[in-house]
Structure formats: structure tokens, C-alpha cells
Amino acid sequence: METYWGTAEAAWRWVLDQVRYDDAVWIPPSAGDELDPEDRDGMYAGVGGLAHVLAEIRLSREWTDEEQRLAAVVAEQVRAGIAATTDYTFFGGLVSAIGVLTALGEPGSGAAVTRLLELSTPDGWALDHYSPPRFLEGARSQDLTLGTAGVLLAAVWAHRHGAGGARELADTAAEILLAEQEEVPAGLNWRAVPVRSCVVQREMPNFSHGLSGIATALALAGAEFGRPDLVKAAASGAEHLVTLAEVSDGGFRVPLRIPLLEDMEPFSYGWCHGPTGTSLLWPALGHAGVSDVADAPVTHWHDRCLHSILSSGLPERRYPGFWDNDGRCCGTAGVGDRLLDTGEHTDFALHLADVLVERAIPDGTGVCWRFLEHRNDDPLLPPGVGWMQGAAGIAAFLFHAGRVAQGDTAAVPRMDTWWALRTTG
């Protein structure tokens, strides 16, 4: 317990030492980098992500004066940017802003909901990322991190925090998703980008960019707003997802990409593209009243996802390219925190925390982590700072591990986890 908290505090100290208060408050993507204006306020690599660390710290101890100042400045900056932003996404835009402000207990989610409604179009929200030549002009994303499903998830979260307009936003996003559903033999399918807008056909069916994340958002919205049509669509999507999964080993692994690229790993195991994130679908369906999918309880498929994690070989770096990341998005901290949230396999989750303590690198007044990119001449990457791929997110997991090791089972409810916590009724 003390080891986890000691390393967490050291990592958080290192993060705080990277925070810059210039014309705006910001953190670099990696230590020593310059500001990336597009990432400044976001949850993925910007100061917005620090709000989620602060929410975790609040369960362990009171904030210091330095942390109170940081929370206030981040909230004010994120709130001030809502009216002018055109980025709507989960990681860096208006959806992120809703998550940041609710994590800090600050007002402003209603303004973000209003802005999302203003930016909506009949077929979704515009994003420059999806443009020619890979996509047709006007392509829209449907997935959870870059698209309509993320907006739907944010509408549910905003509604649960009393934000006005959340029901209208949810209806807007849900109707777009229903209009884009693909009928397939086993049920329904959604891709990150609809087939009609893709030059090259591909799909990434896991939580971050595909079917499992979209079905999760539909199930939660159906439960929140009393819409059985959304729950039915989500369950039908889950039926199809089962047909895509590798289940012969007793687990549940959905391919990273369909079709696979040459030399691509067939499976990943993290939050973004693996069973860690995809496991969130099954409690979402359970929350919405769905008991069975593909002739098995939803808890059965959830347990299979966890089995795939436990039997994958992580966190050992078994060969170049396997498990070279310790962050939240696709690495050790994200897997460990998900397991702590479930209350299952806690011993393994704490083993992951032990490994992160061992891998911590002393630097200045604190510690950080350096991930690997085996294809680089110098495979050791610079130390990341932020929530999803840096020391901030790892520190939050270690704070959580310290509390669990002490017997405290409370967990921080976040936009992407609240329905899947062991304390959720």
C-alpha cells in the first residue's frame, strides 16, 4: 500500500513539475516538448486529464493548495473554451470537457451540451480527420472516441449530472446511429465510419473505434432515457460481436482490425482495442436489462474478456512489440484500473501495480515511465506526461491500488466506467 502511494505521489509530483502557467495552463505531451495547442485542454494528453487524477486523489487525501489552484484554473480554462470550440470528441473536445468538469465537480456541462447541439448535422459531427483520400468528402465518425457514440455517452453522463438539453442531445445522437446501422446475419453492425463514406473498407470492432463501444453507448442511453429500441439495437450489435471473437481458448478476443494489415498483431489487450475495453459492453447491457446474448449470460462474456486478459502474458514483454506500453489507453495501468473497478482478480491487478512500481524511472523530484517502440532505432520513448499515455494516468491507477490494498473498494465513476464499478447498483 505505502509503496503504491509513494510511487503515485512521486509520479504526480513529476507531473505537477511539468505544468506550465503562461498565457494558459498546459502540459507538454512528453517532458521538454512544446505546447500542442490542439491538445491543450483535452483529456488524452492535455490538462483536462489532470482533472481525473485529482478526482482519484480526492478519495485518498485532501487536495493541497497547489492542487486546488490547478483544479480551479483547469476548470475555468475548459469552461471558457466551450463556446468557440468545434472539436466535439471524447479525448479532446466537448465530450472531454463534460468529463473534465464533472470530475472536478464544476459547472459548465450544460454549455457543452448546448454547443454539441449547435454543431450537430443530420448525419453527425464534422471532423477533419475523416477526409479524402481515405474517406469521401463529408464522412462522419460513429465511434466512441471520435464520433457519434462518444456524444451519446456524454449525453448520458451529462443527464446524470443534471445538465439541461442532455435528452435532446441523446435523441439526436441516437437517431444518427440508428440510421447508420448495418444489418448482418447475426444482428447489427456499426463501423467507425459508415461503409458509404469509406474508400478502403475496414473496421476496428473493439471499444475505442468500433462496434463494442457503439453498442455500449446505445445500451446506456436506452436505459437512461427509457428507450427499449436502443437497448434492442445494442443487444443485436453484441450478438454480431460474438461472431467476430476468438473464443476457442475460453476467452473473448475480438481482432484488432478487420481485415488485418500485414505484420499487424491480430489481437490487442488494452482499453482501446482489446478485451479490457470491450469488457465494458457486457455490464452496460446488464445495466440496461439484457440478461443473455448469443444464448449465454452477459456475465459469461464479461468473464471471458477477463480470462483473455489474464492468460495473454501481460505485463511481460514477451517479444518485441508485445506489451511495450504502461499507460491507460493500451497498457498496464488501463488494464489494472479496469480490474480494480470490477473487484475481480484484484491480486493480478495489484501485481500489475507492482510491475509499474518496478518500472518507474527516477527523474528530478519524482518518477516517470518510458514506453518502447521496438521499430525505432532507439526504442525507448520519451516519458509521457498526461492521462492516457503518461505518468498522470499511471499515478491515478497507483493511488487506486493503494486504496484497494488498504481495503477501500470505492472507485471513481467516470464517463467511460460508471456502470461497470463494483459499487454500482
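List of remarks:
- Contact order for the chain, expressed relative to its length and based on alpha carbon pairs under 8 Å spaced 6+ residues apart, stands at 19 percent.
- Dipole magnitude of the chain, debye to nearest 20 (Cβ charges: Lys/Arg +1, Asp/Glu -1, about Cα centre): 620
- Considering only Leu136, Leu372, Val195, and ranking their Cα positions along the charge dipole of the chain that arises from unit charges at the beta-carbon of Lys, Arg, Asp and Glu, the one farthest toward the positive end is Val195.
- Legend: translational diffusion of region 5-60 by Stokes-Einstein, Rh = Kirkwood radius over C-alpha pairs, 20 °C, 1.002 mPa s; D = 182 µm²/s.
- Sequence-distant residues sharing a close amide H with Cys198 (under 5 Å, placed H): Leu136
- Loop-located chymotrypsin sites (Phe, Trp or Tyr not before Pro) in region 178-260 (DSSP state not H, G, I, E or B) with no more than 15 neighbouring Cβ atoms inside 10 Å do not occur.
- Value in Å of the Kirkwood radius, where region 165-218 supplies the Cα pairs that are averaged: 12.0
- When Rg and Dmax are taken over the Cα atoms of region 331-424, they come to 14.3, 46 Å.
- Centroid-to-centroid, using Cα positions, region 51-106 and region 348-425 are 19 Å apart.
- Helix-derived mean residue ellipticity, 222 nm - over the chain, DSSP H n ≥ 4, -39500 (n - 2.57), to 500: -14000 deg cm²/dmol
- Summary of packing: across the peptides 156-167, 407-418, 130-141, 325-336, the per-residue average of other C-beta atoms within 10 Å ranks them, highest first, as 325-336, 156-167, 407-418, 130-141.
- For Glu203, distant residues with modelled amide H under 5 Å away: Ile258
- Three-way shape label, region 131-261, alpha-carbon gyration tensor, a/c 1.5: oblate
- Diffusion coefficient, µm² s⁻¹, Stokes-Einstein with Kirkwood Rh over alpha-carbon pairs of the chain at 10 °C and 1.306 mPa s: 74
- Surface composition of the chain: carbon and sulfur make up 51 percent of the accessible area, probe 1.4 Å.
- For Val193, distant residues with modelled amide H under 5 Å away: Gln142
- Between region 154-212 and region 292-309, the alpha-carbon centres lie 22 Å apart.
The values are calculated or read from the model by the stated rules, or taken from the named source; none is laboratory data. Everything quoted here is computed from the prediction, not taken from an experiment. Backbone-built Cβ (ideal geometry, glycine too); neighbour counts: all protein chains shown. SASA here: full protein model, heavy atoms, side chains in, ligands and nucleic acids out. Shrake-Rupley method; radii C 1.70, N 1.55, O 1.52, S 1.80 Å.
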